[in-house]
Amino acid sequence: MPRHPERSRPSSAARRSAAGAVVALVLLIAGCTGTAPGTASTSADPTEEPASASATPTPGSAPSAEELALVPDGNAYDNLPLFTAVTEEVWGSDGQVSGRAYIDALVAAGFDKAAMEVTNDRTTIDNPAESIQFSVQWGDQCLIGQVGPTTGDPVTIVMPVVEESGCLIGETRPIDW
């Protein structure tokens, strides 16, 4: 019986790239099924997506982060409008390619820093990352954002928690500030 040469594991850069592609694909597909932005959940089940939830808001139609408030007793869909507004405000600032800027702004808006994850905003050779993902785990759901030069406009969505991983697939950086 012929022997197969040992296969090497993909590099961490390849795994991150693949993970980013998976997240981007999921966000793209989910964006195609959304409806009107900014509407609150009316479902009695806090894990159920409201009929009017949206993956991305219509540019210019979403309220600012200052006009919105965290809904501590709500679900991830109830807090998606605030998460989206914060993401869009940071994207419009000088900190748009800094993962820390998104985390700090989300903390300032009331989200729990301990429930967050963020990918690196620099590559292993110190170039800017093509995209940055960040998340807030909210129960068994995740608020996920993706920004970067290859993303175009910021993308935000609610997804289920990934078992044994949290919200983001692939390598994340410590939030130790």
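The values are calculated or read from the model by the stated rules, or taken from the named source; none is laboratory data. Owing to the predicted nature of the structure, the values given are computational and were not obtained by experimental measurement. For neighbour counting, all protein chains shown are included, and Cβ atoms are generated from backbone atoms with ideal geometry for every residue, glycine included. Side chains are part of the model used for accessible areas, which takes the heavy atoms of the whole protein and leaves out ligands, DNA and RNA. Shrake-Rupley method; radii C 1.70, N 1.55, O 1.52, S 1.80 Å.
Assuming a ≥ b ≥ c are the square roots of the Cα gyration tensor eigenvalues, decide whether the stretch 88-135 counts as rounded (a/c under 1.5), prolate (otherwise, with a/b larger than b/c) or oblate. The partial results should precede the final answer.
On the way: a/c = 2.82, a/b = 1.49, b/c = 1.89.
In terms of gyration-tensor shape, oblate.
Overall, the anisotropy analysis places the stretch 58-177 in the oblate class: the square-rooted eigenvalues a ≥ b ≥ c of its C-alpha gyration tensor yield a/c not less than 1.5, with a/b not exceeding b/c. Quick note on the stretch 120-177: its Rg to Rh ratio, both from C-alpha atoms and Rh being the Kirkwood radius, is 0.99. Ordering ASP104, ASP78, ASP94 by accessible surface, largest first, gives ASP94, ASP104, ASP78; the 1.4 Å probe counts only protein heavy atoms, with every chain in place.
Each peptide in 81-89, 105-113 was scored by the mean count of other Cβ atoms within 10 Å over its residues; highest first, the order is 81-89, 105-113.
Close amide H partners of CYS167, meaning residues 5 or more places away or on another chain with modelled amide H under 5 Å apart, are VAL162.
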